[in-house]
Amino acid sequence: MYYETRGNPDAPKKVIFIMGLGGSHRGWDMQSSYFATLPDYQILLIDNRGTGFSDSPIVPYTADTMASDVIFIANEAGFQTFHLVGVSMGGMISEHIALMVPERVVSLTLIVTRLGGLLGYLPTFRGIIQFYRMSQAADNPEALINAGADLLFPYHFLESQAGNGQTHREALRDRVIQRNKEVPLQNEIGKKNQLAAAKAHGLSAAQMTLLKAAKFPILSIVGDEDILVRPSHSYHMPSQIGADLLIIEGSGHGLIQQCPELVNGYIKEICDQSASGVPRNPSPKTTKLHYTHNATAKMD
């Protein structure tokens with residue numbers, strides 16, 4: 001298992017970032033570059049089993065086993081209590097960590113993820129089409145990057161200007177090419193076993209009740225244009241687990257990269273408030289933000 005710690009070792013706020021399906025710790029670059037500079041924060045970045053620099057054991061993977069991996073690493077890194085931030089499959093893993101060691105969790109942020117449900121792993125129809133495009137582009141790196149971008153981000157974002165004369169699609173392509181030179185590509189064993197774990201994930205009614213009764217605050221962040229994990233999976237989280245819900249209109253599954261400043265601000269807010277002793281909100285709230293690349297408009 002591979003991990004990195006960044007930031008102030010003596011910082012009172014410890015945050016564990018857990019990446020989703022197929023992603024390495026580098027998927028959090030736009031979060032780690034921010035939080036590692038804050039003097040009262042130390043962060044822990046992990047390559048889940050089956051990706052990045054971590055091994056890909058030939059055994060079945062489950063969200064439970066990967067949650068146990070994270071707890072083991074947290075112990076090794078000296079993170080006794082911590083804030084959890086998980087995206088997609090990383091959110092599923094985070095749910096199980098929170099159930100395993102609730103006394104160690106200070107806050108829980110779940111991003112573009114789900115709690116469970118029959119066939120809940122199925123993407124939207126557009127998402128299925130993009131998966132097919134990716135399978136057809138497996139031997140064409142440029143086409144594969146483009147298909148992956150269309151799976152994670154809305155078209156209007158990809159074709160908008162990112163600066164330096166590039167569109168966001170072009171800037172993303174360059175980042176992916178550079179990252180692929182620096183981090184090992186996921187092998188077939190890791191792909192198969194991680195996908196099986198994500199597909200099999202699902203919390204029972206009893207587990208959701210435990211999360212709803214937990215003392216730590218929970219924030220769910222969702223993009224209403226997500227075609228990989230259906231946004232509707234998050235819309236019931238306030239009633240199911242007592243989570244505050246943030247809906248970012250105009251964003252997709254890759255919202256941690258599409259609107260990092262916005263996401264970082266909300267992660268920091270829940271971390272700061274929970275660390276300062278602000279009690280969990282007994283009446284979860286839903287906030288909608290309309291995201292337009294360089295500006296946001298708040299709507300409660």
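Values in this text are rule-based calculations from the coordinates and carry no lab data. None of the values given here were measured: they were computed from a predicted structure. Here Cβ is always computed from backbone atoms with ideal geometry, including for glycine, and neighbour counts include all displayed protein chains.
A few comments on the model shown:
- 12 Å beta-carbon shell around R230, net charge (K/R +1, D/E -1): -1
- Here the contact order of the stretch 125-184, divided by its residue count and restricted to Cα pairs under 8 Å and six or more residues apart, works out to 23 percent.
- The stretch 1-113 - share of DSSP beta bridges that are antiparallel (%, nearest 5): 30 percent
- The separation of the stretch 1-35 from the stretch 158-175, counted between C-alpha centres, amounts to 24 Å.
- Counting DSSP beta bridges with both ends in the chain, the antiparallel % (nearest 5): 30 percent
- Neighbour counts of other Cβ atoms within 10 Å put S234, S251, S239, S107 in the fewest-to-most order S239, S107, S234, S251.
- Rounded to the nearest 500, the 222 nm mean residue ellipticity of the chain from helices alone is -12500 deg cm²/dmol, with -39,500 (n - 2.57) taken per DSSP H run of at least 4 residues.
- Proximal aspartates and glutamates to K191, defined as alpha-carbon separation beneath 13 angstrom and excluding residues fewer than eight positions away on the same chain: D55
- With semi-axes defined as the square roots of five times the eigenvalues of the C-alpha gyration tensor, the equivalent ellipsoid of the stretch 1-143 measures 28, 18, 15 Å, largest first.
- Radius of gyration, Dmax [the stretch 59-180; alpha carbons; angstrom]: 18.0, 49
- Using a cut-off of 20 Å between Cα atoms, the listed pairs K14/K199; K199/K268; K215/K268; K14/K285 include K14/K199; K199/K268; K14/K285 as exceeding that distance.
- Per-selection Kirkwood Rh - the stretch 125-184 (Cα, Å, 1 d.p.): 12.1 Å
- Here the Gaussian network model covers the chain, with springs between Cα atoms less than 10 Å apart; of A36, A138, A214, A138 fluctuates the most.
- Residue with peak Gaussian network fluctuation, the chain [Cα springs, cutoff 10 Å], from G265, G90, G120: G265
- Spacing of the two label points (7 Å from each Cα toward its C-beta) at Q178 and M1, in nm: 3.0 nm
- For the chain, a crude dipole built from +1 on the beta carbon of Lys and Arg and -1 on the beta carbon of Asp and Glu, taken about the Cα centre, is about 460 debye to the nearest 20.
- Farthest toward positive dipole pole in the chain [+1 Lys/Arg, -1 Asp/Glu at C-beta], among A213, S135, A63: A213
- Whole-number percent relative contact order across the stretch 148-253, with pairs defined as alpha carbons under 8 Å at least 6 apart: 29 percent
- GNM result for the chain, Cα springs below 10 Å: residue of F153, F125, F53 fluctuating most strongly: F125
- Our summary gives the chain a relative contact order of 19 percent, counting only alpha carbon pairs under 8 angstrom and 6 or more residues apart.
- 30 Å tail of the calculated P(r), the chain, as % of Cα pairs: 26 percent
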